[in-house]
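The values are calculated or read from the model by the stated rules, or taken from the named source; none is laboratory data. Predicted, not measured: the structure shown is a model, and the values here were computed from it. Reconstructed Cβ throughout: ideal geometry from the backbone, glycine too, with neighbour counts over all protein chains shown.
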Amino acid sequence: MKHIYAVGAVCAVVYAAYVAGNRLGRANCREHVAAENQILHTQIIQKQGEINVEALHTGVADIRRILRAKYTIAE
């Protein structure tokens with residue numbers, strides 16, 4: 001009878017270690033994905049700033065002049 005309890009206790013310990021390791025692995029994975037998403041989001045914001053730098057530093061009159069020069073109807 002003692003052997004059955006010992007085997008049961010070992011199985012319970014192994015199962016508990018498996019469940020704890022699984023939860024820890026998932027938590028680490030979520031943390032890693034969140035950090036990558038934050039880096040990606042920061043890079044996207046920086047790219048948008050670089051792309052729109054000309055529009056951000058020009059006035060409305062200057063934008064109208066640029067658009068008029070580029071998109072006028074040709075003769």
Lone unmet requirement of (1) of a type in the set (A, V, I, L, M); (2) surrounded by 10 or more Cβ atoms within 10 Å (Cβ to Cβ); (3) at pLDDT 80 or above for residue 55: (3)
Candidates 64, 30, 26, 68, filtered to the one that is part of a helix (DSSP H, G or I), modelled with pLDDT under 80 and not aliphatic (A, V, I, L, M): 64
